[in-house]
1. Those residues that are surrounded by 20 or more Cβ atoms within 10 Å (Cβ to Cβ) and within 18 Å of Asn357 (Cα to Cα), I need them from region 162-180; list them, please.
2. Before we move on, is Lys156 in contact with an Asp or Glu (Cβ under 6 Å, 6 or more places away or on another chain), touching a residue at least 12 places away in the same chain (Cβ under 8 Å) and open to solvent by 20 Å² or more (accessible area, probe 1.4 Å)?
3. Residues in region 466-488 that are open to solvent by less than 60 Å² (accessible area, probe 1.4 Å) and either closer than 18 Å to Ile326 by Cβ or charged (D, E, K, R) (or both): how many?
4. Of the residues that make up region 339-360, is at least one under 28 Å from Ile496 (Cα atoms) and open to solvent by less than 10 Å² (accessible area, probe 1.4 Å)?
5. Report the residue count in region 60-72 for those that are more than 18 Å from Thr134 (Cβ to Cβ) and assigned to a helix (DSSP H, G or I).
6. Here are some conditions: (1) within 18 Å of the chain's Cα centre (by Cα); (2) over 22 Å from Gly170 (Cα atoms); (3) open to solvent by less than 10 Å² (accessible area, probe 1.4 Å). Thr84 meets all but one. Which one does it not meet?
7. Does any residue of region 75-98 turn out to be among the aromatic types (Phe, Trp, Tyr) and touching an Asp or Glu at 6+ places or on another chain (Cβ under 9 Å)?
Amino acid sequence: MYASREDIGYDFGDDSKVGSKPIKPNPNIDGGWAWMIVLSSFLVHILIMGSQMALGILNMEWLEEFNQSRGLTAWVSSLSMGITLIVGPFIGLFISMWGCRKTAIIGGILNALGWILSAYASNVHYLFLTFGVTAGIGSGMVYLPAVVMVGQYFQKRRALAQGLSTTGTGFGAFLMTALLKYLCTEFGWRNAMFIQGAISLNLCVCGALMRPLSPKDISEKYSVGSNSEENQEKALSHSPETKKSNGVLSEEPGKKEEATNEEVLDSVQHIENGGKSRSGQNMYGLRILKTVSQLTVTVRKGFAIWYSSYFGAASLFTNRVFVAFIIWALFAYSSFVIPFIHLPEIVKQYNLPSQNNIFPLTSIIAIVHIFGKVILGIISDLPCISTWNVFLMANFTLVICILTLPLMQTYASLAVVCALIGFSSGYFSLMPVVTEDLVGTKHLANAYGIIICANGISALLGPPFAGWIYDITHKYDFSFYISGLLYMVGIIFLLIQPCIQKKQPREKSTEEAQV
């Protein structure tokens, strides 16, 4: 659904040079195995984001099975979607330590485990832990490496590659909605989740396809380091400014830590070599000590890079427009997620299940969402068109659709509104460009990570809020009205803050003229 962080600031594919050493062309960059990485990322978007967009089917089954309130039941879906995005910055720690391939494979196992364990749920609270938390963290551990690897393998065609891979969200929402509906009808929701867990094991295959670049290729690309793990860690310190600001952290303390840890490892190895005559039990203990020391080195290096990358941008919050952008993100994504979770039940209340079974409304949103991303991206690339204006117009269209959706009570009218929701929500592909305009390229990666976290919080709180409003009013109308109005408040913040910032320089220039 989102453009990746590499597309906006993780400069894994920069053509930077160190000294005068020329960088040789790499056949795997922008070609060769790079397209297998795109395929892997595309499948990840289908299996993770597509499945999350189809959770409205399971939400209806959970309501009937456990007879809990809609607000409480909606927490299951929102936890899974929200945690997937919120944990993104923290998953960077695992990537910096173990690389994308291992992180994605572990995440695939965790995601599948969450689905399978959820099949044995006895209550909603059980689903909070198994599906919301376990499957959500697993999804986050696969999703971030999927977008990171595309950035590593592409330079010139990065935008095209990211566009192709993220369209998997729309395809996945369409396919997974039909699949889950069929499985629930034929086998019941418990067996459906068990089967979906088995399907999710394919995420491990996607992770296995994330082959890291060879040390030679990475050394040619970055002209630093000698192995792929070290260069992946260095690549995570995205921008030039971050690299400069991290100089003290990564050079002086880093060298001291490496020297200290190397001494420990050398001493352990010396004892191990000199103590061959000792008992096997003592040797076993020395091997454990050596392994722990090596793990400590890896963790300390990874944590230093991760901490400096994500917490070195405190100055971002002094930018009023960026703060307004965060407020907008807190309200925006929930307005897009709420229809996916609650539309199946709304259709059931309007007595439209027969028509919705032929072509689900959520599938309409998913399909049109694909075209919305492409078309809005093409329009914003036109020289005479402002990306900011396209972004605002798409937001206005979406908020109007959210406010008018409760007024539509026929399948045809709901289909039209859902199509407009899908098209206007294509502005997600413009978010990296807008973020760059607000904070500049130096803070782009960290800023986009914060926006993603804000969207995760929105996805976490939105559906339960809508269900809670229904439990009070016994209508979904007020849920859409309130979320739409909050969304409008976020848009107003985006409109006001740029005007304030434009006035401040003019006021200063007037004062200088008077002096």
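The values are calculated or read from the model by the stated rules, or taken from the named source; none is laboratory data. These numbers come from a predicted model, not from an experiment. Cβ sites come from the backbone with ideal geometry, for glycine too, and all protein chains shown count toward neighbours. In case anyone asks, the SASA skips ligands and DNA or RNA and just uses the protein heavy atoms, side chains included. Shrake-Rupley method; radii C 1.70, N 1.55, O 1.52, S 1.80 Å.
1. Residues satisfying the conditions are Gly172, Ala173, Phe174, Met176, Thr177, Leu180.
2. Answer is yes for this residue.
3. 5
4. So far as region 339-360 goes, no, none of its residues is under 28 Å from Ile496 (Cα atoms) and open to solvent by less than 10 Å² (accessible area, probe 1.4 Å).
5. So the answer is 9.
6. (2)
7. Yes, the conditions are met somewhere in region 75-98.
Condition check ((1) at pLDDT below 80; (2) under 21 Å from Leu55 (Cβ atoms); (3) open to solvent by 10 Å² or more (accessible area, probe 1.4 Å)) across all residues:
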{"site": "Gly422", "(1), (2), (3)": "no, yes, no"}
{"site": "Ser429", "(1), (2), (3)": "yes, no, yes"}
{"site": "Val433", "(1), (2), (3)": "yes, no, yes"}
{"site": "Leu438", "(1), (2), (3)": "yes, no, yes"}
{"site": "Leu444", "(1), (2), (3)": "yes, no, no"}
{"site": "Cys453", "(1), (2), (3)": "no, yes, yes"}
{"site": "Gly456", "(1), (2), (3)": "no, yes, no"}
{"site": "Pro464", "(1), (2), (3)": "no, yes, no"}
